[in-house]
Amino acid sequence: MKKILLVLVSLIFALSCGNKNDTVNGKTQNNSQQKAKFKIGVTQFMTHPSLDLVKKGFEDAIKQAGIDADFDEKNANGEVSTATLIANNYKADKKDLVFGIATPSAQQLANNITDIPVLFSAVTDPASAKILNSNVTGTSDKVDNVSQQLDLLLKLNPNVKKIGVLYNPSEQNSLVQIAEIQKRAKEKKLEVVLQGITNFGELAQATKNLLTQVDALYLPTDNLVVSGMQLITSEAINAKKIVVVSENSSVEIGALFTMGIDYYELGKRTGQMAVEILNGKPISQVPFETSKQLKLYVNKKTAKSLGIDINNPLFKGAEIVGK
């Protein structure tokens, strides 16, 4: 009788082990080694080529790592209130990880979500944006290139005395960049003329007014300004004035040059950080990073319109776009 009971107990134990689900990174897997499926929220402040590249790089990195994920993509269309709503929806849906592209979207995630990993990218200064909480990490697009950019501008046109800066006063990332532009311009005895705008409807007239006051434009990675880059560069080319920008997609649209970063690679690096976290690495061990890779991008068509030789030795090693 004891032997029969022992056999029955062993059989029950074996069956229970065979049906037992394992938990990996908070997800259940059965004995057939079914992969966990993660829910990832991706919120982008507005549609723009650089921000689109960040999103693609992020998602590509996760897919290439073999992570099975559902991406819930949302776009705030430039509205902070919408970015807040998106963040709250992600929180209610209990995403496994959320990703904010550009400062306003990242801020709303960090301000509203404390119990799941929050990643960011295309944020110029995460410290001043006050998003570096214990559950937050990501990549910054801040680059220490203003001095180099102004040097190249002055070599191309030594007659430049005043540079104009278009920006949205409500964007924290723009205020950080403006402070740096003013500092470096002062070192080179250049006057900075600021022109604030609060909506797209103001952009055309503001650009025309600013171009009458300055010798060239220097544009930060301001989401509102960058969304109107085609209009700005068209007006500047008509006025025969150089536009210096802070990211390469604006050069493709019509700005003359930038010593900028590759936003696809920036997003991809953020995606690799997400993979580490989804695989169990504590977010506290994944510190935020700032891209150090810079490359000169020059628009050939714009250079020709401005009477600038694309074969100028100053452009040696540059990536030529706008052919």
Exercise. Within segment 277-291, which residues are in a loop (DSSP other than H, G, I, E, B) and without any contact (Cβ under 8 Å) to a residue 24 or more places away in the chain?
Worked result: LYS281, PRO282
For this session: Identify all residues within segment 111-120 that are buried (at least 24 other Cβ atoms within 10 Å of the Cβ) and under 18 Å from VAL80 (Cβ atoms); write none if there are none.
Result: VAL118, PHE120
Exercise. Restricting to segment 198-224, what's the tally of residues that are more than 20 Å from GLU247 (Cα to Cα) and among the aliphatic types (A, V, I, L, M)?
Worked result: 5
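Here is a yes/no grid of residues against (1) in the same structural domain as GLY271 (by TED's automatic domain parsing); (2) within 22 Å of LYS268 (Cβ to Cβ); (3) touching a helix residue (DSSP H, G or I) at 6+ places or on another chain (Cβ under 7 Å); (4) at pLDDT 95 or above:
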| residue | (1), (2), (3), (4) |
| --- | --- |
| LYS20 | no, no, no, no |
| VAL24 | no, no, no, no |
| SER32 | no, no, no, no |
| PRO49 | yes, yes, yes, no |
| PHE58 | yes, yes, yes, yes |
| ILE62 | yes, yes, yes, yes |
| ALA65 | yes, yes, yes, yes |
| LYS74 | yes, yes, yes, yes |
Problem set entry | Failed criterion for VAL143 (all others in (1) crowded, with 19+ Cβ neighbours inside 10 Å; (2) in a helix (DSSP H, G or I); (3) at pLDDT below 95 hold) | (2)
Problem set entry | Positions within segment 100-122 being closer than 12 Å to THR270 by Cβ and in a helix (DSSP H, G or I), in sequence order | ALA106
Problem set entry | LYS130 being within 14 Å of ILE40 (Cα to Cα) and out of contact with any Cys (no Cβ under 6 Å at 6 or more places or on another chain) | no
Exercise. Quick one: would you say ALA303 is part of a helix (DSSP H, G or I) and over 21 Å from the mean Cα position of the chain (by Cα)?
Worked result: yes
For this session: Would you list the strands (runs of 3 or more DSSP E) that sit entirely within segment 154-250 and hold 2 or more residues that are crowded, with 21+ Cβ neighbours inside 10 Å?
Result: 162-167, 216-218, 242-244
Exercise. Where residues in segment 251-276 are surrounded by fewer than 24 Cβ atoms within 10 Å (Cβ to Cβ) and assigned to a loop (DSSP other than H, G, I, E, B), which of them is nearest to the chain's Cα centre (by Cα)?
Worked result: ASP262
Exercise. If VAL136 satisfies every condition in (1) surrounded by fewer than 24 Cβ atoms within 10 Å (Cβ to Cβ); (2) β-branched (Val, Ile, Thr); (3) closer than 23 Å to LEU194 by Cβ but one, which is the exception?
Worked result: (3)
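The values are calculated or read from the model by the stated rules, or taken from the named source; none is laboratory data. Remember, it's a predicted structure, so these values are computed and weren't measured experimentally. As a convention, Cβ positions derive from the backbone with ideal geometry for all residues, glycine included, and neighbour counts pool all protein chains shown.
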